[in-house]
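This report refers to the structure that appears directly beneath it.
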């Protein structure tokens, strides 16, 4: 027995009847459903949209706010608070939609927070009298520990049954693993502010006249995030049970096979053991598939499910090189 489930079942029956009687009014499909000739799935959500993809960067840049009379938060300035914003945002949006809520390039957008926390900690340790090298060594150990804790909080909190009906929020994450082309030269930001370049703490190649870090500069921190993420995923919960959410997709590019061996190994181990991820093919191949535009792919994620219009289908075809006149209309077939 679960009271939230009872509430969902009771209210869901009312909404399902309303959907059949009003949304599908005078349509043969409603009568066919009642006769068992066809089944319309999730009728209890017939007045709600299905799935949606959201901009993680916008959430991190602007904070979780904007609803009059509700608690508002400023942009996150640390990894732990960024994770908290993600969990709460996905939980809230899951109560307004029937299906999955998605973020793309999670590893890329969270990497700046790891770097910024590392820089801040080095500065703090130096103020306490440690040498630069001592501070960097200790800070890196502490940052790895904090990253582990943050990912544990992310995974556990996304799998607790906090959604209506006693369910866990249905969430999807895409991990880029390598920096998408359209993000490479963009400033790596925390709370919408570029991270000041600090070669004394973290130096990168080709840094002449460099004032801030770009996402391309943070490959080490992206790798660290992903390695820690899959390590934590493989551990499971307190009973060793695999985490159901988020559903993971990995962008498979030419650079995938150039990742550090220890990262590749743990990704493949997670897939061999649990079938952990989907792989999105973004590689030119003999089949003729052309590179997917990451910006189009990112912005169109799940849009067709949210609106009922095949935006994602059309966007995907445009992304791999089709033109609009080559895509037939789903209704007229022309």
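Those residues that are assigned to a helix (DSSP H, G or I) and closer than 14 Å to residue 179 by Cα, I need them from the range 225-256; list them, please.
Answer for the range 225-256, where residues must be assigned to a helix (DSSP H, G or I) and closer than 14 Å to residue 179 by Cα: 225, 226, 254, 255, 256.
Pairs needed: first member in the range 157-176, on the phi > 0 side of the Ramachandran plot; second member anywhere, surrounded by 17 or more Cβ atoms within 10 Å (Cβ to Cβ) and in a helix (DSSP H, G or I); C-beta distance under 6 Å; at least 6 residues apart or different chains.
Listed pairs, sorted by first residue: 165/8.
Which one of 187, 161 is in contact with a strand residue (DSSP E or B) (Cβ under 7 Å, 6 or more places away or on another chain), under 22 Å from residue 235 (Cα atoms) and surrounded by fewer than 18 Cβ atoms within 10 Å (Cβ to Cβ)?
On the way: 187 fails: under 22 Å from residue 235 (Cα atoms).
That would be 161, the only listed residue that is in contact with a strand residue (DSSP E or B) (Cβ under 7 Å, 6 or more places away or on another chain), under 22 Å from residue 235 (Cα atoms) and surrounded by fewer than 18 Cβ atoms within 10 Å (Cβ to Cβ).
How many residues does the range 207-226 contain that are surrounded by fewer than 20 Cβ atoms within 10 Å (Cβ to Cβ) and within 13 Å of residue 107 (Cβ to Cβ)?
Residues that pass the stated criteria total 3.
Looking at 24, 1, 18 in this structure, which one is modelled with pLDDT under 90 and either more than 27 Å from residue 92 (Cβ to Cβ) or not assigned by TED's automatic domain parsing to the domain that holds residue 160 (or both)? First the steps, then the outcome.
Values: 24 fails: modelled with pLDDT under 90; 18 fails: modelled with pLDDT under 90.
None of the others qualify; the one that does is 1.
Considering only the range 1-119, give the helices (runs of 4 or more DSSP H) lying wholly within it that have at least 1 residues that are crowded, with 21+ Cβ neighbours inside 10 Å and within 25 Å of the chain's Cα centre (by Cα).
In the range 1-119, 56-62, 79-94 are the helices (runs of 4 or more DSSP H) which contain 1 or more residues that are crowded, with 21+ Cβ neighbours inside 10 Å and within 25 Å of the chain's Cα centre (by Cα).
The values are calculated or read from the model by the stated rules, or taken from the named source; none is laboratory data. Being a predicted model, the structure only gives us computed values, none of them experimental. Because the Cβ atoms are built from the backbone with ideal geometry, glycine has one as well, and the counts that use them run over all protein chains shown.
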